[in-house]
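I have placed the structure first, in the form of structure tokens, so that the comments after it can refer back to it.
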Amino acid sequence: MSFKAIFDEKIEITGQPKDFVYFDTGAPAKLSLTATGPIDYYSWYFKTTDRTTSLLDDEFTNGEWTGSYDFYGLTGGKGLTDKYDGAELYCKVWDHNGQSVESKHIILKKYKNNVDRNVTIKMPEVGQTFDDYIAHLDENVKPAELILDKELFSIYECKDNGENILDGEKVFKAGRKYEFCLNMILPENVSTDAIWQFYSNGTIVNGEEHGEADSVDADERCFTDFWTTPVLGSNEKEYSFGDVDGNGRYNVNDATKVLREAALLANNNPRSFTDKQWIAADLDFNDRITVTDATLVMRYCAYLANNPKDNDIVAWLASIGKKPKK
């Protein structure tokens, strides 16, 4: 290579940072950049929203630069605070002659509790087909600032023990439990490091259960499952936990109905409860109706007699160690 060629060689930024980089309170923001050419060092600058000029944060020689670094700002390594929400950052890459190339500017975004990274799922209608629900995913699933991978979205009806029914009828039915399997990816202008910060939970509108089990693959997809618990209603009478006769009150009549159902089943007779009554009566969440469930109804009635304003039976059940299964 000639001296002229070496002299004419210029720095080129081959991997610009993303437009947005997320951070959690008390944690750093990871900034990435790659460049080629006669590089001497990298200088990173930042400006918080209360400033009009940028400050130098850190510098790296070409040998020190690994392609990314953790930005802590002026926190002394303690992690970023609300002050850095909306901060602007950029890098200048310098050559040996004092010439520099400036990267595009980055905006930091702080997660606001769970709002930015939870998934909201609209409950389907009884009788709606899986295909129809999937055909309107843009309306039915809101994955915060993630992008839903529509080709890798699936719905499964679940057995009472939680296993998927793979060959069942692809129609939503009352009183059944369903699993939504989602695959989500980050927008192109968001740093891929943020995928690790997304939560594996969400809210199913009009349902009660959230999701779990997320992971990340080579394509930076976030895999998440959500369950409806309990699932769907219908035109039949509404029942809440413990209110087996559906009259909106908890009393000895509910306990009596549960006790009769338990006796019926104990003698190997067919059940008389509807699906929704069964869910309302199964207070220990073991998919069986027994004397224990009737006893729990009576215990809650006694509790209400002394605490008439505390009518949250689900919270009461949780306080004695009884929680719905996923």
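FYI, it's all coordinate maths here, none of it is from the lab. All values reported here derive from a predicted model rather than from experimental measurement. Glycine gets a Cβ as well: all are built from the backbone with ideal geometry, and neighbour counts include every protein chain shown.
Things worth noting here:
- Sequence of K170, K322 once ranked by neighbouring C-beta atoms within 10 Å, starting from the fewest: K170, K322
- Computed from backbone phi with θ = phi - 60° and the Karplus coefficients 6.51, -1.76 and 1.60, the 3J(HN,Hα) list for the stretch 249-255 is 10, 10, 7, 5, 4, 5, 4 Hz; x is used for glycine and proline.
- The GluC sites (Glu not before Pro) of the stretch 24-91 that DSSP puts in a loop, and whose beta carbon has at most 13 other beta carbons within 10 Å, are E64.
- Rounded to whole Hz, the Karplus (6.51, -1.76, 1.60) HN-Hα couplings of the stretch 301-306, x for glycine and proline: 4, 5, 5, 5, 4, 9
- Amide H within-cut-off set for D58, under 5 Å, with H built and near neighbours excluded: W44
- For the stretch 34-83, the set of trypsin sites (Lys or Arg not before Pro) satisfying both a DSSP loop assignment and a count of at most 12 other C-beta atoms within 10 Å is given as R51, K78.
- In the stretch 278-315, the trypsin sites (Lys or Arg not before Pro) that fall in loop regions by DSSP, at most 10 other Cβ within 10 Å: K309
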